[in-house]
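Here is the structure we will look at.
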């Protein structure tokens, strides 16, 4: 089953989708309008690039520290949590065990994100992989 | 914040506190871990930056969309290949991914 469908089948998952690193291409299911999904996609791209940049800095202090390549990130809100793994995101309610379950599924379905993820994902969109990504 | 309590969370490799500016204040490291004080110092700075950005996003998202439930922010986590750093307020923990319980960790940081 596709990861987004699988996530949406879980009670408490508000929305889930796939975003591109360009931020302006996305697909989603759930309780978001098209405009909100576009904004979520841009937000996810910005956060993903930011934490990747940070991990590269950390790597200069200690190579192979275990952080790189970054797999994703989580923003924990008061009642809602946003999590991203690779180029997938989900908005979920703060229910018991839901965050752990969603992260387990996302990590398992996306697989280990590799170092060249940005280039690979961009290529999947049909873009020029040599074009600057940052 | 009782760092020793945080070290009791499953898979915790390090627990640390930092100032509002991101300077490492105190820390505990699990024996045998490859993490260092220098790395925790850099992680502290990234925690402050990421929490500030996430706070901005939460406020902006609520304002633009009218959706609620994002504020007040309860933490931010960066998920690495082998471990994750989970932070809230002026405290962070580094937790091994294979043992991590994100919900318990966020909860412990708010205690």
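Tabulated results
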quantity	calculated
Within region A:26-42, tally of residues that are touching a helix residue (DSSP H, G or I) at 6+ places or on another chain (Cβ under 6 Å) and under 22 Å from residue B:50 (Cα atoms)	1
Unique residue being crowded, with 18+ Cβ neighbours inside 10 Å, modelled with pLDDT of 90 or more, in contact with a helix residue (DSSP H, G or I) (Cβ under 9 Å, 6 or more places away or on another chain) and closer than 22 Å to residue A:115 by Cβ when the list is A:72, A:23, A:77, A:17	A:72
Checking residue A:11 against (1) more than 10 Å from chain B (Cβ to nearest Cβ); (2) modelled with pLDDT of 90 or more; (3) not in a loop (DSSP other than H, G, I, E, B), the condition it does not meet	(3)
Matching residues in region A:53-86 - criterion: being in contact with a strand residue (DSSP E or B) (Cβ under 8 Å, 6 or more places away or on another chain), part of a loop (DSSP other than H, G, I, E, B), touching a residue at least 24 places away in the same chain (Cβ under 8 Å) and at the interface with another protein chain (Cβ under 7 Å from one of its Cβ atoms)	A:70, A:71
Criterion violated by residue A:106 - all others in (1) more than 12 Å from the chain's Cα centre (by Cα); (2) facing chain B (nearest Cβ under 10 Å) satisfied	(1)
Count of residues meeting criterion [in contact with a strand residue (DSSP E or B) (Cβ under 8 Å, 6 or more places away or on another chain), surrounded by fewer than 18 Cβ atoms within 10 Å (Cβ to Cβ) and not in a strand (DSSP E or B)] in region B:11-35	4
So residue B:100, is it at pLDDT 95 or above, touching a strand residue (DSSP E or B) at 6+ places or on another chain (Cβ under 8 Å) and within 12 Å of chain A (Cβ to nearest Cβ)	yes
Residue, surrounded by the fewest Cβ atoms within 10 Å (Cβ to Cβ), within region B:67-91, restricted to residues that are facing another protein chain (nearest Cβ under 8 Å) and on the phi > 0 side of the Ramachandran plot	B:69
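The values are calculated or read from the model by the stated rules, or taken from the named source; none is laboratory data. Here the structure is a predicted model, which means the values were calculated and not measured. Cβ atoms come from the backbone with ideal geometry, glycine included; neighbour counts cover every protein chain shown.
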